[in-house]
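Working notes, beginning with the structure itself.
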Amino acid sequence: MRMPKGEWKVGTKDDYYVRTSAWSAPGCHPVGCGLILHIEDGKLTGVEGDKDHPLTQGRLCPRCLALPEVVNHPDRILYPMKRARKDRGKNTWERITWDEALDLIVEKVEETRERYGYEGVHTFGGTGREATFYYPVLSYSVFQSPNVSTVISGDSCYGPRCMITNFILGTGYPEIDHAAYFPDRYDDPRFVLPEYVMVWGKNPIVSNPDGFFGHALIDMMKRGTKLITVDPRITWLASRAEITLQLRPGTDTALLMAMLNVVINEGLYDKEFVEKWCYGLEDLKERVQDMPPAKAAAITWVPEEKIIRAARVFAQAKSASIQWGLATEMSQNAVQTCQCILYLCALTGRIDAPGGISVGPKASLTGKWRYEQIKWVNPELIDKRIGNEEYPVSKSALTNCLADTVLDALEEEDLKIGMVWINSSNVWSCPGAVPERWLAALSRVEFIVAQDIFLTPANMSVADLVLPVSTFAEHDGLVLPHFGRNAPYLGAINKAVEVGEARSDFETVMALGKRLNPDAFPWETVEEFLDYSVYGNGFSFDDLRKMGQFQPDYSYYKYESGKLREDGEVGFDTVTGLFELRSLQFEAWGEDPLPYYQEPTFSPYATPDLAQDYPLVLTTGGRKYTSFHSEHRQVPTLREIDPWPIVQIHPDTAAKNGISDGDWVCIENQYGSCRQKAKLTYAVDPRVVHAEHAWWYPEQDMELPNQGGAFKSQINNLMPHFMTGKLYIGSPYKCLICRVTKVSGLDD
Ligand code: SF4
């Protein structure tokens, strides 16, 4: 089905087609893929890719193809429901109206403020989903509280990449140049095909990360781009790469420092760029002498000659870029890994170069509204933000609380958090390290509201009130890749159907905002707000619907034309005005301004005694096509494809432990254990296992204590909870140790 130009909805009153851009719920990153929704008799019955979408061009993942199964699922939360606090964990929900729900929330907010102050309300947000755009607004504009966070230890998801980019070169998120800004894409004469893309700790065709539709990589491979992959696993992409660097999990910084060593010592860097636009080369040169390739080979398990070859190939390519993923952040060395990746791009002249990495200006296509909402929080309260006193860096470096400090605050004897809002976060079945502690800690809070599309272990076990969230098929909205930090387009989300009384994240925020802080919400309708958001581009929301997507103009080498700095001066928006190979911002915070390698806290080398008991390196969380973190477990077609959690084990390791393909195994370390099914594969090193994350079983008893088997396969049972590095960013989700033994089943 092709939509007629200028139309977003065609058909009759009950049977029609709607063109839209995907976001969530259900979960996905803000890629904004193009969909045509089929509605028959007022019900969503089918989905197909929109061939006219400039980026996705008709392609979709199974998650979007299964959208009708989500939208029409019998277990959805369809209206607000409450229960008595004493009944937490029991299925004793009582349906109430939206007005009753909002009245109850206002009453509880006022009680909390009276007892604990405005900062007594804490908001948690889940990853990637549309909620990510609006939960900080809920905290700042509606509750006027500075306390807002995720639950991810070390804030180790996407934030560090953005933050470190901001400190070192002062721009929005750096994405590989895939001609996304150009309507005629790869045929645009300004674009240069990357000769090499280094895919670092990422599996983009499966995960479709925040602002990137992974199949663009395939498009470019078909045109001749070659890959270098850096991953503990041989992924589908790695099996097609020219060079595969199969490193020990958590040692990325050592590998990068050795590559920088080769590039600098062999004089392979872009001298013109470095001389004119970089600060601190001599310091960096001295530092990387600490990491010759032979030393890095011993640390990373990547052969020395492969490290040297990869560095030379990348530096000498006519055009090249690096795609860096979540794995770069989920180690204790996260800050330095991100720092080194940017350094490798800068030294080789790839910053904002055609076929290199594109860097976005800070301006967003939806204006500054979202970033300005902190103005509704009393400045004195910012000092009282959880964690700010003990970790002063977090005050100036972050706009939210460090999740680890929030867990500590929830466990304090003198609890000062009276109300919690959980927006689309399945806290202990998904990202939370030490999951049982999160359950115990949140159980202490007096009043908890949760917003979601399904009952999850989190909202079933601790919420007193649940609010239904609409899917993106059920509301109007906007989608911006990379949350606007490097957005090649702005897409319209168009409402196609209505299901129950579900509301979008923004509808709920605005309804509550009008009661608690009406000055912050001057709009009468959602459409008025959407008009306001897109107005700066010279069109209305209705215009955008008709266009489908808006692609802004783009130019390369923006640091030469003053487009990266608010003051319009040439250069980068940093302390020195240059790209900082020695970070003055890091130095000001007491962090080493230069990169350094830190061995994972638990490893065969750091803790050899422990490694006697737990001899395998454990890495976790590789993505699947059939789920978005803990979501989609109840979607029949997707669950049929991936019915159980899988731990990948090398056949030699399995044989040594008496494990056969398909056996249930116990994965265990000094912190805890869980059960998953063994998949024997040569894709992992014999010394490493890879386990899936975010598994629970919605088909099981959802009441406490079972709560959908929340802890049975939860790999984060093996995760510690501690702050790492001097900026407290990063965590060991990807680099733990464990042993694996055969068991008879999930409940053995
Ligand atoms: S990346 Fe895949 S799941 Fe996500 S919106 Fe696009 S098609 Fe849907």
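The values are calculated or read from the model by the stated rules, or taken from the named source; none is laboratory data. Since the structure is predicted, the reported quantities are computational estimates derived from the model, not experimental observations. Quick reminder, even Gly has a Cβ in these numbers, built from the backbone with ideal geometry, and neighbours come from all protein chains shown.
What the table shows:
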read-out: Test: residue in segment 637-646 that is part of a loop (DSSP other than H, G, I, E, B), of a type outside the set (Ser, Thr, Tyr) and within 16 Å of the ligand (Cβ to nearest atom); value: yes
read-out: Elements of type helices (runs of 4 or more DSSP H) contained in segment 291-353, each with 3 or more residues being touching a Gly at 6+ places or on another chain (Cβ under 9 Å) and buried (at least 24 other Cβ atoms within 10 Å of the Cβ); value: 334-347
read-out: Residue check, residue 117 more than 16 Å from the ligand (Cβ to nearest atom), at positive phi, outside the structural domain of residue 25 (by TED's automatic domain parsing) and in contact (Cβ under 8 Å) with a residue 12 or more places away in the chain; value: yes
read-out: Residue within segment 578-585 that is of a type in the set (Asp, Glu), surrounded by fewer than 19 Cβ atoms within 10 Å (Cβ to Cβ) and either more than 25 Å from the chain's Cα centre (by Cα) or not in a loop (DSSP other than H, G, I, E, B) (or both) present; value: no
read-out: Residues (within 11 Å of the ligand (Cβ to nearest atom), part of a loop (DSSP other than H, G, I, E, B) and β-branched (Val, Ile, Thr)) located in segment 1-54; value: 31
read-out: Matching option when the condition is out of contact with any helix residue (DSSP H, G or I) (no Cβ under 9 Å at 6 or more places or on another chain) and modelled with pLDDT of 95 or more, among 532, 556; value: 556
read-out: Some residue of segment 696-714 being among the charged types (D, E, K, R), modelled with pLDDT of 95 or more and over 19 Å from residue 748 (Cα atoms); value: yes
read-out: Boolean, residue 67 is away from the ligand (no atom under 11 Å from the Cβ), closer than 24 Å to residue 212 by Cα, modelled with pLDDT of 95 or more and surrounded by 21 or more Cβ atoms within 10 Å (Cβ to Cβ); value: no
read-out: 3 or more residues more than 16 Å from the ligand (Cβ to nearest atom) and under 22 Å from the mean Cα position of the chain (by Cα): qualifying helices (runs of 4 or more DSSP H) within segment 155-227; value: 159-169
read-out: Among residues of segment 480-512, those that are of a type in the set (D, E, K, R), out of contact with any Asp or Glu (no Cβ under 8 Å at 6 or more places or on another chain) and over 21 Å from residue 127 (Cα atoms), counted; value: 1
read-out: Positions within segment 84-125 being hydroxyl-bearing (Ser, Thr, Tyr) and in a strand (DSSP E or B), in sequence order; value: 123
read-out: Segment 601-618, subset at pLDDT 95 or above and assigned to a loop (DSSP other than H, G, I, E, B), residue nearest to residue 388 (Cα to Cα); value: 602
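Rundown of residues vs (1) of a type outside the set (Val, Ile, Thr); (2) closer than 25 Å to residue 58 by Cα; (3) without any contact (Cβ under 8 Å) to a residue 12 or more places away in the chain, yes/no style:
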{"residue": "150", "(1), (2), (3)": "no, no, no"}
{"residue": "160", "(1), (2), (3)": "yes, no, no"}
{"residue": "183", "(1), (2), (3)": "yes, yes, no"}
{"residue": "188", "(1), (2), (3)": "yes, yes, yes"}
{"residue": "196", "(1), (2), (3)": "yes, no, no"}
{"residue": "201", "(1), (2), (3)": "yes, no, no"}
{"residue": "209", "(1), (2), (3)": "yes, yes, no"}
{"residue": "217", "(1), (2), (3)": "yes, yes, no"}
{"residue": "221", "(1), (2), (3)": "yes, yes, no"}
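Yes/no per residue for (1) surrounded by fewer than 24 Cβ atoms within 10 Å (Cβ to Cβ); (2) not hydrophobic (A, V, I, L, M, F, W, C):
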{"residue": "183", "(1), (2)": "yes, yes"}
{"residue": "187", "(1), (2)": "yes, yes"}
{"residue": "190", "(1), (2)": "yes, yes"}
{"residue": "199", "(1), (2)": "no, no"}
{"residue": "207", "(1), (2)": "yes, yes"}
{"residue": "212", "(1), (2)": "no, no"}
{"residue": "219", "(1), (2)": "yes, yes"}
{"residue": "254", "(1), (2)": "no, no"}
{"residue": "262", "(1), (2)": "yes, no"}
